[in-house]
Structure formats: C-alpha cells, structure tokens
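Asks: Sharing a structure, written as structure tokens. Questions coming.
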Amino acid sequence: MADMPEAELLVLFGAAGDLARRMLLPALYYLDADGFMPQAFRIVGTARTKMTREGFLAHTRTAVQERTPGGEIDEQVWSRFAARLDYVAADATSTQGAKALSAVIGSTQRPIFYMALSPSLYAPVCEALAAADLIPPETRIVLEKPIGRDLETSRGINAAVGAHFDEDRIFRIDHYLGKETVQNLIALRFANSLFEPLWNNLTIDHVQITVAETAEVGDRWPYYDEYGALRDMLQNHMLQLLCLVAMEPPSDMEPDSVRNEKVKVLRSLRRFTRLDVQNNSVRGQYAAGVSGGQPAAAYAAERGQASSTETFVALRVDIDNWRWAGVPFFLRTGKRLPDRRTQIAIQFKPVPHSIFDGPAKADLIPNRLVIDLQPKEDIELTLMNKAPGISYDGMRLQALPLSLSLLKAHGGGARSRIAYERLILDVIHGHRTLFVRRDEVEEAWRWVDGVAAAWAEAGQEPKPYPAGSWGPAGAFALIERAGRAWSE
Ligand code: BG6
C-alpha cells in the first residue's frame, strides 16, 4: 500500500479542548503503550489556554486516567509518553501566535497538524502557519468534522486549506471509519464469497441503518444547535455507513479505489424534493421524559430557549443505480433514545414461493442479516429451521440466528480501541484509505443540503418526542408506509 515516510511530530491544535481530553490524548497514550509510536515521535499541544508544560502533563495524565480501567496507568509507559509531550500557549490564528510554534517545530520536515478546533478556525490557522513559514512540504494536516455547515461553507474551507496543502496531505477524519466494526463491514462484504452475489435488489428487500444514542446534547448545545442531527450525524457517519454497505467492490484497498466507489454511491442518492418531506422524512426534538430510569430534561431546557434544531432524524433514501433500484434504505439517528445502538439490518426478500402449508406458512419469515456495530459487536443471520418435535398438523418452522460475537471471538477480554488510535496511526504512516476525500465531503453536503432545503421550503419544524422514546410517531409511520418495520 502506498504510504509516506513516518511523521516525526504531532502538533495538536485545541489541545486543551474536549475532543483532545476525551479521545485524542488517550488514543496517543495507547498507541505508545502498544508500541506503535515511532521512537523519537514528539507531541506538542497548543491552545490559547495559559498552561505550563507541567500543567499540560497533569492535564494529559488525567485525560488518560479517565479512559483506563480503574484509572490505572502503566508508569513505565507514562514516563516514555510524557517525555514526548510539550505545550505552547498561543493564538494560532495570528502570525505572531503561529510563530510561537517555530521553536518546537524546529527543523522537522514531517509534522502533523491536528486541527481539534472549530472548523471556522481551519482557514485562519492555515494562513497564519503559512505566513509564519511553518509548513514544510511534507506536512500532513488532519481536519475534524464537520467540514462546513453546507456545500458552500465546506467548499470555502476546503479551498482555504487546499491553498496550503495538497489533497493527499489532507486527512479528513470521520471517526466511524476508525471503528473496528465499521472496517469489519469491508471484510464481511469482500472477504466472503457468500454475500456478494446476494447483495443487490434481486435478493435484498431493504436496508436499515440506526445510530441511536441515549445521551443528551447537554452543554454541547452551542455547537449542536447550529447543526442538528442531520448535519452532525447523517451528513458524515451515517452516509459513510451507507456507502460501505452500498458501494461496488473496489479493485483494491488503495485510497482512491475505495473512495471512488463511495463517491459513486453519494452521486446516486435520489435528490430530496418537497414531496419527500412529508412522506420520506421525520424531524424530531426531545421533550422532557425519562432516560435510564431518571427524569430527563427537554432539549429546549438544556438550550435555555425554544429551538428549531432537530435532535432526531429519520429518512427513507433511495439509491438510483442498477444494484439498488427499488431497495429503500431507512436511516434514523437521534439523541435521548432508549438504547445506545449502532446497527445495520439487511432484510432479504421472502422466498419466491412457499411450499409450506397450514401453520408453517405463517411461521415463515424472510432472512435478515443484522450487523451490530456498537456497543454489541455481533453479526446475526436469521435462518428458518424446522421447529423440533412433531405435531398433528405437520411441520412447524422457527427462525433461529446464526450468531457471531466478535468480542467473544476475539477472546472477550480485549480492550475495545478508541477509533482515533487506528486513524492517528494511519496519519503517521500516510495511509489515506480511511479518510474522506474532498469530493466525498462535498457530494454528501450537496445531498444533505437538498434535504435541509426541502425542510425549509415546507416549513418543517421538528416534532417533539419524549426523551427515552424511539422518536416521533412519524418515524414508525415512515417505514410502515413502505410496508416495513424497524428492526428492534
Ligand atoms: C460525533 C457527534 O461525531 O459522534 C456526536 O458530533 C456523537 O454528537 C458522536 O455523539 C457519536 O460517536 P460514537 O463514537 O459515540 O458513536
């Protein structure tokens, strides 16, 4: 696989922020613990927050302990890891602030600039780094989602970053692609000869993708209120999952082979019209309710005022190509739902003709392949069997799952990795397959903009649903109208 020489340094912009604390610093620690970090690799945190190096070390240690079982830390690993760390307090949106980084970047030829920042800062930081002459030609830049709020703003950001970095040096992260189970989708589809001949509209009736969260928006509302579920989850994570389910087999795992196939799927998504608003979409927002047995506040109460941002979205999506014509994809995602569950369900068609009569006729249900991505990591294929025993009116049938528990298969005790570990390791080595190319992001926005515009045109306000429920009643009606039901 084509790659680049190992990077030497990671400059973490936004090092004092939430993403760095929850995900990036622990992921970097684990990479070191597992022996994946190049020997002389350095990590420099930077943010406007005034902090000494010692302060940053203490901050990082706490962040790591928040992720390790029982807060335990391997002191030998920690001292190796801590020796790599440094911190610079600076406002990197100004040339002068960027210059404060010149001493730590030094003569490094292959730094990684990791932008754990609000996307509105990507352009000013790139410009300041360029003005301070701090972008060696082999620099890699990592951008977090969301890249923009719509096609136009994402184009603006991509152009501003592209003015200083070639496309093959830009690593756009969608952390779902770093999840083991999401990569396993690629293995399941293309490392087994079993599924591919069945993976089309001759055999598959419909596909469901659910990304349900029990968590509230809470104090993330200043970001979330501007984006909502459509832009926060659907534009990126859910469309990526849809692409991996629907894409044609790439010829190999090279970055452009895989990404070309994903772009083709995005281009085949049927555009949303105003008619689809009523029939094929549901916007919801959680009202007060009960979550995990505890009273749960409404989104508007967390936000402090009424809001027309959706915290739930369900859509029927059609893919207009040869393979998927006539196979609806039902997507739903939301906050404050009863279960945390990321699941893909592939519903096969019924047998073309039933030879069973009597009660067995009613027993017969179509096969279903359910891929649980998190928190369970199970794959279940429901098959029809003869129910054991005899009865006076002939054979009875029952559905039984053929199950594969990935956690059990991998020995049970294995730590479940932070998705960012895989992705950061890939940036260090310059592997781009699991990163999102510019045209992919823009195609996804083009389609999502269509949904947002149709909602706006129809004046579609979010429908309330009680916290702890499966969204507005309309989400059930949406799938029932098509003669199907959500997989529970
Ligand atoms: C993030 C969204 O990208 O993904 C969050 O901004 C969401 O709103 C999160 O909670 C979900 O990620 P995961 O890995 O917990 O499924």
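Readers should treat all values here as calculations from the given coordinates under stated rules, not as data from a laboratory. What you are looking at is a predicted structure, and each value in this text was computed from that prediction instead of being measured. Cβ sites come from the backbone with ideal geometry, for glycine too, and all protein chains shown count toward neighbours.
Asks: Collect residues whose amide H, placed 1.01 Å from N in the peptide plane, falls under 5 Å from the amide H of Tyr465; neighbours closer than 5 in sequence don't count.
Replies: So Tyr465 has HN proximity to Gln285, Tyr286, Ala287.
Asks: Shape of the stretch 363-488 from its Cα gyration tensor (a ≥ b ≥ c, root eigenvalues): rounded if a/c is under 1.5, otherwise prolate when a/b > b/c, or oblate?
Replies: oblate
Asks: Is the C-alpha gyration tensor of the stretch 69-161 telling us rounded, prolate or oblate? Criteria: a/c under 1.5 is rounded; beyond that, a/b larger than b/c is prolate, otherwise oblate.
Replies: oblate
Asks: Pairs Lys179/Lys408; Lys262/Lys463; Lys145/Lys262; Lys179/Lys264; Lys50/Lys99: which are spaced more than 27 Å apart, C-alpha to C-alpha?
Replies: Correct reply: Lys262/Lys463.
Asks: Using the basic label-point model (7 angstrom from Cα toward the beta carbon), what is the Asn321 to Leu400 distance in nanometres?
Replies: Inter-label distance under the simple model: 3.8 nm.
Asks: Another question about this same structure. Quick check: pseudo-label points 7 Å beyond the Cα along Cα→Cβ at Leu425 and Glu488, how many nm apart are they?
Replies: In this crude label model, Leu425 to Glu488 measures out at 4.0 nm.
Asks: For the chain, give the share of DSSP beta bridges that are antiparallel, in percent and rounded to the nearest 5; count only bridges with both residues there.
Replies: Antiparallel bridges make up about 55 percent of those DSSP assigns within the chain.
Asks: Moving on to the next point. May I ask which residue of Thr95, Ala128, Gln183 lies farthest towards the positive end of the charge dipole of the stretch 85-199, with charges of +1 (Lys, Arg) and -1 (Asp, Glu) on Cβ and the Cα centre as origin?
Replies: The listed residue farthest towards the positive side: Gln183.
Asks: So how tilted is helix 122-131 from the main axis of the chain? Cα-based, degrees 0 to 90, rounded to 10.
Replies: Around 30 degrees separate the two axes.
Asks: Relative to the first principal axis of the alpha-carbon coordinates of the chain, what is the inclination of helix 419-429, with its axis defined by its Cα atoms, in degrees from 0 to 90 and to the nearest 10?
Replies: The angle comes out near 50 degrees.
Asks: Still on this structure: Using the crude model of +1 on Lys and Arg Cβ and -1 on Asp and Glu Cβ, and no other charge, please compute the dipole size for the chain relative to its Cα centre, in debye to 20.
Replies: I would put it at about 600 debye.
Asks: Would you mind working out the magnitude of the charge dipole of the stretch 63-159 relative to its Cα centre, with +1 at each Lys and Arg C-beta and -1 at each Asp and Glu C-beta, to the nearest 20 Debye?
Replies: 200 debye
Asks: For the modelled label position 7 Å from the Cα of Ala362 along Cα-to-Cβ, which residues of the stretch 374-400 have backbone nitrogen atoms closer than 20 Å?
Replies: In the stretch 374-400, the label zone of Ala362 (backbone N under 20 Å from the point 7 Å along Cα→Cβ) covers 384-400.
Asks: Let me ask something else. How would the stretch 199-263 be classified by its alpha-carbon gyration tensor: rounded, prolate or oblate, with rounded meaning a/c under 1.5 and the a/b versus b/c comparison settling the rest?
Replies: oblate
Asks: Continuing with the same structure: What distance in nm separates the two pseudo spin-label positions at Phe348 and Glu457, each 7 Å out from Cα along the beta-carbon direction?
Replies: Computed distance between label sites Phe348 and Glu457 equals 4.0 nm.
Asks: Non-local amide H neighbours of Asp205 (under 5 Å, H modeled in plane, Pro and chain starts lacking H): which ones?
Replies: Amide H to amide H, under 5 Å and 5 or more residues apart or across chains, Asp205 pairs with Gln347, Phe348, Lys349.
Asks: Can you tell me the Rg and Dmax of the stretch 267-348, counting just the alpha carbons, in angstroms?
Replies: 16.2, 48
Asks: What lysines could a cross-link reach from Lys361, if we take a straight Cα to Cα line under 19 Å and drop same-chain neighbours fewer than 8 places away?
Replies: Lys349, Lys386
Asks: Give me Rg over Rh for the chain, both radii from the alpha carbons and Rh done the Kirkwood way, two decimal places.
Replies: Result for the chain is an Rg/Rh of 0.99.
Asks: Moving on to the next point. Starting from 0 in steps of 5 Å, tell me what percent of the Cα-Cα pairs of the stretch 117-228 lands in each bin.
Replies: Reading the bins upward from 0: 2, 9, 13, 16, 13, 13, 13, 11, 7, 3, 1, 0.
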